[in-house]
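Colleague: Below: one structure in structure tokens.
Coordinate-derived values only; no laboratory data. This one's a predicted model, so the numbers in the text were calculated from it and none came from an experiment. For neighbour counting, all protein chains shown are included, and Cβ atoms are generated from backbone atoms with ideal geometry for every residue, glycine included.
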Amino acid sequence: MRLFSNPLRCLILGAVAGFGLFRVARAQSPSYGLGTTPTPAEIHAWDISIGPEGKELPPGSGTANEGAQLFADKCTACHGATGWGGPAPMLIKPATKPQKPLPCLSPCIGPGNVMALHSPYATTIWDYIHRAMPFGQEGTLKPDEVYALTAFLLYKNGVIKQDDVLNQQTLPQVKMPNRNGYAIPDWKPGAPRPFPSER
Amino acid sequence: MGPKKPNRRNFLKSGAVAAAAGAVQVTTGQTPDAGTKSLKELIAYGERSHYVTSIREPVDARPSPDQFGLTFHVTTPLQDSVGIITPSSLHFIGTHRGSIVPDIDPKQHRLLIHGMVDRPLEFTMDELKRFPSVSRVHFIECQGNHSKAEDKTVQDTHGLTSCSEWTGVLLSLLLNQVGVQKGAAWVVCEGAEEVKGAGSIRLSKAMDDCLVAYGQNGEPVRPQQGFPLRLLVPGFEGIYNTKWLRRIKVVDRYYMTYNDYGHISKDEEIAALTLQWGPKSVITFPSGGQQLPGHGTYQITGLAWSGGGAVRRVEISTDGGQTWKDAEIRGPVYPKAHTRFGMNWRWEGEECVLQSRCTDELGQVQPSRAELAKFFKVSVDYYKTHGTQGTDNTIQPWRVASDGSVHNAIV
């Protein structure tokens, strides 16, 4: 095998072969050269997703007492002075069972679905208040205000203490009562559902 | 070319048309538009005959849009459907939380794909249309589509499913453009409406058959369906099909968005049964609220579909499930799409219970409520006070009374 006896020739052949492979891979997944590359600042401005680990949480902090005033100013018109009984969904679980059923959150998974109790992660509450509240002025709350409102709702539902401070570090650490209350099903193409209905 | 907000003048004009129509009809029998609309207006965007009155209805008569302008769930009149395509104007509606249908200028709209990717990219609508397109027929069905004893019609029991031809770009192609990084396992897809509704789906599904769609039934996706861009997650429950799609973030874990949190289940089996629709079918004629005019020959017809793939077989029972006969498949069969079936039937005036049963290409068979109850070790009476576990794909019985009236036989 004289062809491979020369190290230089070997290298060249290897490079050609490697290039060929590269070409094949490119052909299977062509780049169309479409779209523009956003700047990190642009991505940061768009990215309002807060994952359970809270990696995307901005600096800032808030307490239940600060949140109480904000709640009175910005939330009670729809959610009721006590956090329930308004036209919008219940946010604070009433101490005694109300006479008539209260509007639940949509998606509605049953009566008593209070987000601050049912959500397995406190980050979900922060994310949702930040992106979707108050109705008609979505996205206008400052990070401190969102931390404060989250703290207020968690305090009023008995999840945290009145003087607990929520921030980038403490919010993801909040132990939600429903922390282990969900399963994540796997999914693979062509796999049947678990219901055994073969006849 | 962007859709404009409902125009008061147009609204008043159409009111005037309707008022004038009554007068014209009584005297001349002409079609209502003939006298008041110019020929150009009549041909610009065709309307159905004024004799056809089939309409969508809000679920449980909850006003939609409500006094705040929020759109809640609205059902498709399946009892009047023919073939497999739902007219875009009759496609069911559901929104995250209940939201205001946004008025988006497609020239301003962008789709951002970022997160655990090598090359984050932002696309305009024009750029998305420069990728190879695919057109696929798929149903979308809301998780809330379950039959209750108090429901009267098939629109009440099953009206939160609809089927369209969707045109767009495969999500897998777009994800290959940005280069998904090792360790990525989920995508979070977000809408541009005021609540920025978002949901998490597994990367395995995103790379399989999801579609970023700009077309519906031969024209741009309708505003109520996500204009100018929506996600199609074929076979999955409706809320994953993010409308007004503006952003896809590739991540390493389940992100527990507001939508995710609202649909979680502690039980693994129920969670899996909620994710993807099982084999399902329903007879649309004869169905609840309809009336057979007398003895004689009829066509029993209905729709079958499955989130697991194509419909392989549909059976019909006319004796309450004691015996079953294969129905004919009448029309095209696509994976994860409504499929039309039918059967000749002679009715001699006897009281009977009609039902259909779907088997899909994976061999999954549509269960009865009794079979579901047995699987979950509960009494059938459990469903009088609870929804079915997971999405409801149970067999729907219709009772034909001896006077020809048809009723929901779910008890």
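Colleague: For the protein assembly as shown, what is the mean residue ellipticity at 222 nm derived from helices alone (per DSSP H run of n ≥ 4: -39500 (n - 2.57); sum divided by total residues; nearest 500 deg cm²/dmol)? It would help to have the intermediate numbers written out before the result.
Modeller: Numbers: 17 runs with 145 residues, N = 610.
Per the formula, -6500 deg cm²/dmol.
Colleague: Given R₀ = 22 Å, FRET efficiency for B:Ala401-B:Val333 by Cβ-Cβ distance, to 0.05?
Modeller: 0.05
Colleague: Then there's this: Starting from the 7 Å offset along Cα-to-Cβ, what nm value, one decimal, do you get for the label separation of B:Asp103 and A:Arg179?
Modeller: Placing both labels 7 Å beyond Cα along the Cβ direction yields 4.8 nm.
Colleague: Here's another thing I want to ask about it. Add +1 for every Lys or Arg and -1 for every Asp or Glu among the other residues with Cβ under 10 Å from the Cβ of A:Thr36, and state the total.
Modeller: Within the 10 Å Cβ shell, the charges total -2.
Colleague: Still on this structure: Taking just the alpha-carbon atoms of chain B, what radius of gyration and Dmax come out, in angstrom?
Modeller: Gyration radius and largest Cα-Cα distance of chain B: 22.6, 73 Å.
Colleague: Pull out the extension gain between B:Thr297 and B:Ser204, defined as 0.36 nm times the separation in residues minus the alpha carbon to alpha carbon distance; nm, one decimal.
Modeller: Values: separation 93, 0.36 × 93 = 33.48 nm, distance 4.82 nm.
The span from B:Thr297 to B:Ser204 would gain 28.7 nm if fully extended.
Colleague: DSSP loop trypsin sites (Lys or Arg not before Pro) in the stretch B:34-84 with at most 12 other Cβ atoms within 10 Å of their Cβ, which ones?
Modeller: For trypsin sites (Lys or Arg not before Pro) across the stretch B:34-84 that sit outside H, G, I, E and B with at most 12 neighbouring Cβ atoms in 10 Å, the list reads B:Arg48.
Colleague: Can you give me the relative contact order of chain B as a percent, contacts being Cα pairs under 8 Å and 6 or more apart?
Modeller: 15
Colleague: Here is a follow-up. Say each of B:Asp80 and B:Val52 gets a label point 7 Å from the Cα, pointing the same way as Cα to Cβ; how far apart are those two points in nm?
Modeller: Roughly 0.9 nm, to one decimal.
Colleague: Please check: in the Gaussian network model of chain B (C-alpha springs, under 10 Å), which one of B:Gly159, B:Gly363, B:Gly144 has the largest mean-square fluctuation.
Modeller: Answer for the Gaussian network model of chain B: B:Gly363.
Colleague: Let me ask something additional. Name the residues of the stretch B:350-384 whose amide N is less than 20 Å from a point 7 angstrom out from the Cα of A:Lys97 along the C-beta direction?
Modeller: Residues passing the 20 Å test: B:382-384.
Colleague: Express in nm, to one decimal, how much length is gained between B:Ala409 and B:His386 on full extension, taking 0.36 nm for each residue of separation and deducting their alpha carbon distance.
Modeller: Gain on extension, B:Ala409 to B:His386, equals 6.6 nm.
Colleague: Further question on the same structure: Relative to the compact globular guide of 2.2 N^0.38 Å, what is the alpha carbon radius of gyration of the stretch B:54-264, as a ratio? Write down the numbers at each step before the final one.
Modeller: Numbers: Rg = 16.8 Å, N = 211, 2.2 N^0.38 = 16.8 Å.
Compactness ratio reported: 1.00.
Colleague: Figure the gain on full extension for B:Lys148 and B:Phe68 (residue separation times 0.36 nm, minus the Cα-Cα span) and round it to one decimal in nm.
Modeller: 26.0 nm
Colleague: Quick check of the Kirkwood formula: for the stretch A:57-173, what is the inverse mean of 1/r over all pairs of different Cα atoms, in Å?
Modeller: 14.2
Colleague: Taking A:Lys74 as the anchor, which lysines have their alpha carbon closer than 23 Å to its alpha carbon, excluding any fewer than eight residues away along the same chain?
Modeller: Here the lysines satisfying the reach criterion relative to A:Lys74 are A:Lys93, A:Lys142, A:Lys156, A:Lys161, B:Lys196.
Colleague: Shifting gears a bit: What does the convex hull of the Cα atoms of the protein assembly as shown come to per residue, in Å³, rounded to a whole number?
Modeller: 217
Colleague: Order the peptides B:122-133, B:319-330 from the highest to the lowest mean number of other Cβ atoms within 10 Å of their residues.
Modeller: B:122-133, B:319-330
Colleague: Could you work out, residue by residue across B:232-239, how many beta carbons of other chains sit within 10 Å of that residue's beta carbon, and then give the average as an integer?
Modeller: Partner Cβ neighbours, averaged per residue: 0.
Colleague: Also: Pop a pseudo-label 7 angstrom from the Cα along the beta-carbon direction at both B:Trp324 and A:Gln69 and give the gap in nm to one decimal.
Modeller: Each label point lies 7 Å from its Cα, and together they span 6.7 nm.
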